[in-house]
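To start, the structure itself, in C-alpha cells.
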Amino acid sequence: MRSKIPVGFLFLTSIVFIGFGDQVLPPEIGRYSFQVRSSIDQWLVNAVPNWQPKTNPYRRTEDAIQDTKQSK
C-alpha cells in the first residue's frame, strides 16, 4: 500500500514558515531563513504568469460615455 503525501499539511507548514519564519526560528539561522523565504516567494510569483483578461471589462462603460458625449 502506498502512503499518501500530506499535501495539505505541507502547504500549511509552508505558509506558516513564509509568514512567521523569522519570529519562530533562532536568530543564528534568520539570514538563511530570509534567503529561503525570498526564493520561495520569487518562485511562487514567477509560477503564475502575468494574467491578462480576454475581455475588456470597462468597454461597455466607455462606450456609454462616448455615446453620451456624442449625443450632447
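The values are calculated or read from the model by the stated rules, or taken from the named source; none is laboratory data. No experiment lies behind these values; they were computed from the predicted model shown. Using ideal geometry, Cβ is built from the backbone for each residue, glycine included, and neighbour counts are taken over all protein chains shown.
Points to keep in mind about this one:
- Scanning the range 58-72 for residues that are of a type in the set (S, T, N, Q) and surrounded by 10 or more Cβ atoms within 10 Å (Cβ to Cβ), we see that the one that is nearest to the chain's Cα centre (by Cα) is THR61.
- Segments classed as helices (runs of 4 or more DSSP H), wholly inside the chain, with at least 2 members that are touching a Ser or Thr at 6+ places or on another chain (Cβ under 8 Å) and at pLDDT below 80: 7-24
- Pair list, Cβ under 8 Å, 6 or more apart: the range 28-57 residue surrounded by 10 or more Cβ atoms within 10 Å (Cβ to Cβ), other residue not in a helix (DSSP H, G or I) and not acidic (Asp, Glu): SER33/LEU25
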